[in-house]
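Only the coordinates and a few stated rules stand behind these numbers; no lab work does. Note that the structure is a prediction, hence the values are computed from the model and not measured. Glycine also receives a Cβ, built like all others from the backbone with ideal geometry; neighbour counts cover every protein chain displayed.
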Amino acid sequence: LLIIELLDAKIRTVQQLEKAYNAPCLASVVEIPNLAQYDTYELLLPSLREISDRLDVVLKGGKAKLFGFLSSLDGEGKSMLSFNLARYYSSLNNKVLFVSFDTQPNPCLPGTADTGWRQMGIEEYLCNKAELSEMLSNVDGVDVIRVQDMRPDLLDMAKSSAMPRLWEMLRENYDLILTDIPATLDHPIAGTVGAYQDELIYVLASSVSDRRLVDAGLEFM
């Protein structure tokens, strides 16, 4: 049992997190099987309030407008958590934008192939083929823009002069921007997108990642 305990790299408690990393834990979210089948906003609402309250404490009254959500691997829940947090802040009468650079399916958003989603993608803005109004859609009261296609040259496009222009425009038009960033260990673009955020929130699902993977993701960032 002692050997198993020593070899177990899973992070299962807030106490383990606080000992492992010099970073505040915003919330501990109980895993709910088949969460996507339910009203995720209602189920996550207590955790969303906890994250919001904790952020106020961590920021100590400071202002941050761009919050990027990261994880080591796909499937850790950052897309669902970040979009529902955008819904929560929107319910408080903030002008909120949800930005998705992650092309993995988000159960809270229509599929990119959905005929009802006619908006252009961020990648088209980065190559000067779209304006903000052409990218915008509204889902559950939240304005949304996203990457439609993870093109091979997207990283190069994200390093162009259009990228800082995009974030400056978004800052001018919104009170709060929540960004869903691709998994750090799967997509090199995560570092580029993360660099434009005011604050980064790392989501860890103990059933998916262990400390070694989190360490690798943080080292990459």
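For the pair L45 and K63, label points projected 7 Å from Cα toward Cβ lie 3.1 nm apart.
Computing FRET efficiency as 1/(1 + (r/R0)^6) for V30 and K95, where r is the C-beta to C-beta distance and R0 is 41 Å, gives about 0.85.
Full extension of the chain between Q37 and K10 yields a length gain of 7.1 nm, computed as 0.36 nm times the residue separation minus the alpha carbon distance. Compared with the dominant Cα axis of the chain, that is its longest principal axis, helix 78-91 is turned about 70°.
With the cut-off at 24 Å, tell me which of the pairs K19/K159; K63/K159; K129/K159; K63/K95; K19/K60; K65/K129 have Cα atoms farther apart than that. Correct reply: K19/K159; K63/K159; K65/K129.
Using the Cβ-Cβ distance between S206 and L1 with R0 set to 22 Å, the FRET efficiency from 1/(1 + (r/R0)^6) comes to roughly 0.70. Here, the chain has an Rg and a Dmax of 17.5, 59 Å when only alpha carbons are counted.
Along the charge dipole of the stretch 29-112, Cβ charges K/R +1 and D/E -1, which of L43, L85, T103 sits furthest on the positive end? The one lying farthest along the dipole's positive direction is L85. Using a simple spin-label model with pseudo-atoms 7 Å out from Cα toward Cβ, S52 and R171 lie 2.5 nm apart. Close amide H contacts of Y202 (hydrogens built in the peptide plane, cut-off under 5 Å, sequence separation of 5 or more or a different chain): L70.
Computed from backbone phi with θ = phi - 60° and the Karplus coefficients 6.51, -1.76 and 1.60, the 3J(HN,Hα) list for the stretch 205-220 is 9, 5, 7, 10, 10, 10, 4, 4, 6, 5, 4, 5, x, 5, 5, 4 Hz; x is used for glycine and proline. Approximating the spin labels as points 7 Å out from Cα along Cα→Cβ, the L218-to-N138 distance works out to 4.1 nm. The alpha carbon centroids of the stretch 155-221 and the stretch 83-108 are separated by 15 Å.
DSSP beta bridges confined to the chain are antiparallel in about 15 percent of cases.
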